[in-house]
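Everything on this sheet refers to the single structure shown next.
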Amino acid sequence: MKGPALPALKHATVNEALAAAARTPRGLVFVDTSERETHLPWAQVYGRARRFAAGLRRLGVAPGERVALVLPTSPGFMDAFFGALLAGAVPVPLYPPVRLGRLEEYHRSTARMLEVSAAAVVLTDAKVRLLLGESVAAARPRLGCHTVEEVAREEGDLAERVSPGSLALIQFSSGSTVDPKPVGLRQGQLMAQLAALEAELPPPVDRTPVGVSWLPLYHDMGLIGCLLSAVYYPGGMVLIPPEVFLARPALWLRALSRHRGFVSPAPNFAYGLCLKRVKDADLEGVDLSGWTHALNGAEPVSVETLRLFSERFSRWGFQPGALRPVYGLSEATLAVTFPPAGRGPRALGVDARVLATERRVVDGSREVVSVGRPVPGFEVRVRDELGHVLEERRVGRVFARGPSVMAEYVGHPEATARALDAEGWLDTGDLGFEAEGELFLTGRAKDLVIIRGANHAPQEFEECLEAVEGLRTGCAVALGFTPEGENDEALLLLAEHAPGAEVEGLEERIREAVLAGTGVKAHTVRVVEPGTLPRTSSGKLRRSEALRRYLAEELTAPKKVGTVGLVVEMAKSALAFARSGRDG
Amino acid sequence: MVENELAVLREIRRIVSQELEWEGEVEPTHHLLKDLQLDSMGLTVLAVELENHFRIRLSAEDSVGVNTVGDLMRLVATRAAGEPRAAAGGAP
């Protein structure tokens, strides 16, 4: 599958695009919990960023150095993000701590991401800074930790010249303590993605193009898809902090109506959250007819959620044709495929059992939604295990190639070599099939669990189980799946109990340990007999095969083994544990 | 239990039943994770709603020592009364 040609780029770099946006009257609007709004035109964003860039230079930040940002959705984020770019440095947005969150886990993952990205300095606000001490002490960035106010205090003006080949951004494919992979993106790659997005999302001609987003700015869909897209058009962008959306989802729809936003993306769960938590009374006078691109991405898309959302919100002018299930990943900068604008979701009914057991598509009752065809400049192929391109309706691994595919995981040549081949094809790790010229996703070959649009490494959940008594050490897998009759991806845990252990109460203890350790509630916990989970010949657990067997109802206990077999099993288990410790 | 603590408890009960679909009892002795089974989204919604209602600010630092409904109730009541943070879990 091949997308149309990439249109000519309007600008060569983000820095140039921002300078051009600053010559228009458009800009950002920040919405708070009380729906008060703060306007920040691009001209001011640009002016403040130039001053900030000078501050960074004074601090000792050299071009090409990495600047970690730990900031909420705020004007301060804009100062630090665009300031770093104008200083020729590389912003690395990381997630700020959440209220009442688990600090210990937060420190571990933040310190790890600071280290992996080789950040020279950490920028934050006064409140978060008090908390960051531990993470910063562990990672020891060369220039320490500073607040945005400190850096911007003195006068100055800097706008470094950067080239399309300059590194412009590092984003993480999953924020985690285990093996976080820093995706390095160059200026030219960002611009190619923004040009592709603009072609897929033509701004309205009868009014100022305005987007609305509650997505976090440390996530590709919020940062590139919303913020940088608005710089590129240029247009307006209304930003709602993510935690405010979670508490008051109606604010999202009301902002769309108030600003007549034409585009707003969100993961599937957000559409479901609106169905559940937005009350009719919250929507008095709301008009959603201007929302022509309601993008649904970052996690598996449910046809049912889309249908219910259209039905319910059509009363407020929502157009069913506006819903567009999209596909992308941070390694491709963002988008890989988009369905045609205005068409609405297209679904195929497939037999889930045949899909799981034989990897082919026959008619059935499980609806799989199309994520469309490649965006401009992109190509997509579905390949089998040997790398051969598969015919339509055969499930295989999805590969993508295009002008915004990352050059590398920064500082991780082995991981880069696994993800990218010599011809520039990116192994997305996703499973899917092609039908009628469009891509349908069916699962994942890579080890990843997506909960509410956030990517989690399975090890995050699995390591919580090590202290649970009665489990076989290192013999549990965490998987993402969409439970029967539900619409969002959820957490599945398959764990082997220790030989002869009391199974009573074990499931409960597993649930508690995972919730306390990660803040994620497990949907299904299945305690199985020792030796049930599939392993490689060297004893490593095979997660995607475990999921395939679970879904195909093929997960069965091994035949009873004699003493010798048991000793071999125990040795394998010890080996698996040693390995998981080393890999982590 | 002083009156403003009771007001906080009422609001916590309203949030977990109306916004978070929790159908069981909510008592000060209940553990936020173990008993009410609040995940990270549940805790965020609870924190933001309490902030809105009582016009206070909570932070990640506040998670230290806050394990039960009672701990949270006392923390919010102390903040709403405009006092600096009480010792973790301590009644005002």
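The values are calculated or read from the model by the stated rules, or taken from the named source; none is laboratory data. These numbers come from a predicted model, not from an experiment. As a convention, Cβ positions derive from the backbone with ideal geometry for all residues, glycine included, and neighbour counts pool all protein chains shown.
Structure notes:
- Close pairs (7 angstrom Cβ cut-off, 6 or more residues apart or separate chains): closer than 27 Å to A:Leu217 by Cα in segment A:289-317, among the basic types (Lys, Arg) and surrounded by fewer than 24 Cβ atoms within 10 Å (Cβ to Cβ) anywhere: A:Gly290/A:Arg260
- Counted residues, segment A:132-161 - those being free of Cβ contacts under 8 Å to residues at least 40 places away in the same chain and within 25 Å of the chain's Cα centre (by Cα): 3
- Checking every residue in segment A:464-479 against the condition of being part of a loop (DSSP other than H, G, I, E, B), of a type in the set (A, V, I, L, M, F, W, C) and out of contact with any strand residue (DSSP E or B) (no Cβ under 6 Å at 6 or more places or on another chain) gives at least one match.
- Of the set (1) touching an Asp or Glu at 6+ places or on another chain (Cβ under 8 Å); (2) surrounded by fewer than 20 Cβ atoms within 10 Å (Cβ to Cβ); (3) at positive phi, all apply to A:Gly453 but (2).
- Within the option set A:Pro241, A:Pro209, being under 23 Å from A:Ala12 (Cα atoms) and surrounded by fewer than 23 Cβ atoms within 10 Å (Cβ to Cβ) holds for one residue only, A:Pro209.
- In segment A:345-357, the condition of being in contact with a helix residue (DSSP H, G or I) (Cβ under 9 Å, 6 or more places away or on another chain), closer than 18 Å to A:Glu489 by Cβ and part of a strand (DSSP E or B) is met by at least one residue.
- Any chance A:Gly83 is surrounded by 20 or more Cβ atoms within 10 Å (Cβ to Cβ) and part of a helix (DSSP H, G or I): yes
- Restricting segment B:1-33 to residues that are outside any loop (DSSP other than H, G, I, E, B) and closer than 12 Å to B:Thr68 by Cα, the residue that is nearest to the other protein chains (Cβ to nearest Cβ): B:His31
- Total residues in segment A:475-499 satisfying the condition of being farther than 23 Å from A:Glu304 by Cα and surrounded by fewer than 23 Cβ atoms within 10 Å (Cβ to Cβ): the figure is 3.
- Filter pass, A:His146 being within 14 Å of another protein chain (Cβ to nearest Cβ) and not hydrophobic (A, V, I, L, M, F, W, C): no
- For A:Pro216: the one exception among (1) within 14 Å of chain B (Cβ to nearest Cβ); (2) not in a loop (DSSP other than H, G, I, E, B): (2)
- Of the criteria (1) touching a helix residue (DSSP H, G or I) at 6+ places or on another chain (Cβ under 8 Å); (2) in a loop (DSSP other than H, G, I, E, B), which one A:Phe461 fails: (2)
- Index of the failed condition, A:Asp179 passing every other in (1) part of a strand (DSSP E or B); (2) touching an Asp or Glu at 6+ places or on another chain (Cβ under 8 Å): (1)
- Selected residue [within 27 Å of A:Ala270 (Cα to Cα), within 14 Å of chain B (Cβ to nearest Cβ) and either more than 22 Å from the chain's Cα centre (by Cα) or not aliphatic (A, V, I, L, M) (or both)] from A:Gly429, A:Gly443, A:Gly453: A:Gly453
- Sole residue being over 24 Å from A:Glu414 (Cα atoms) and over 21 Å from the mean Cα position of the chain (by Cα), chosen from A:Pro202, A:Pro216: A:Pro202
- Strands (runs of 3 or more DSSP E) wholly inside segment A:1-70 containing at least 1 residues that are modelled with pLDDT of 95 or more, surrounded by fewer than 17 Cβ atoms within 10 Å (Cβ to Cβ) and not assigned by TED's automatic domain parsing to the domain that holds A:Glu392: A:37-41
- Residues of segment B:53-64 include at least one that is modelled with pLDDT of 90 or more, within 14 Å of chain A (Cβ to nearest Cβ) and not in a loop (DSSP other than H, G, I, E, B).
- Every residue from segment A:7-34 that is within 24 Å of the chain's Cα centre (by Cα) and more than 14 Å from chain B (Cβ to nearest Cβ): A:Thr13, A:Val14, A:Leu28, A:Val29, A:Phe30
- Members of segment B:34-45 that are within 7 Å of chain A (Cβ to nearest Cβ) and in a helix (DSSP H, G or I): B:Ser40, B:Met41, B:Leu43, B:Thr44, B:Val45
- Against the list (1) touching a Ser or Thr at 6+ places or on another chain (Cβ under 9 Å); (2) surrounded by fewer than 24 Cβ atoms within 10 Å (Cβ to Cβ); (3) not charged (D, E, K, R), the condition A:Thr333 fails is (2).
- Among the residues making up segment A:264-322, those that are away from every other protein chain (no Cβ under 14 Å), more than 18 Å from the chain's Cα centre (by Cα) and part of a loop (DSSP other than H, G, I, E, B) are A:Glu284, A:Gly285, A:Val286, A:Asp287, A:Leu288, A:Ser289, A:Gly290, A:Trp291, A:Thr292, A:Gly317, A:Phe318, A:Gln319.
- Some residue of segment A:91-105 being more than 14 Å from every other protein chain (Cβ to nearest Cβ), over 26 Å from the mean Cα position of the chain (by Cα) and touching a residue at least 60 places away in the same chain (Cβ under 8 Å): no
- Any hit, segment A:119-128, residues being modelled with pLDDT under 95 and more than 25 Å from the chain's Cα centre (by Cα): yes
Residues checked against (1) over 21 Å from the mean Cα position of the chain (by Cα); (2) within 14 Å of another protein chain (Cβ to nearest Cβ); (3) modelled with pLDDT of 90 or more; (4) farther than 27 Å from A:Ser302 by Cβ:
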position	(1), (2), (3), (4)
A:Leu471	yes, no, yes, yes
A:Cys475	yes, no, yes, yes
A:Leu479	no, no, yes, no
A:Leu492	no, no, yes, no
A:Ala498	yes, no, yes, yes
A:Glu508	yes, yes, yes, yes
A:Gly517	no, yes, no, yes
A:Lys521	no, yes, yes, no
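- Only listed residue being free of Cβ contacts under 8 Å to residues at least 60 places away in the same chain and exposed (fewer than 15 other Cβ atoms within 10 Å of the Cβ), chosen from A:Gly387, A:Gly396, A:Gly364, A:Gly437: A:Gly387
- Contacts under 9 angstrom Cβ, first residue in segment A:1-18 being under 30 Å from A:Glu438 (Cα atoms), partner polar (S, T, N, Q), 6 or more apart: A:Met1/A:Thr337; A:Gly3/A:Thr337
- Enumeration of residues in segment A:480-493 that are of a type outside the set (A, V, I, L, M) and assigned to a strand (DSSP E or B): A:Gly480, A:Phe481
- Here A:Gly328 fits the description: touching a strand residue (DSSP E or B) at 6+ places or on another chain (Cβ under 6 Å) and away from every other protein chain (no Cβ under 14 Å).
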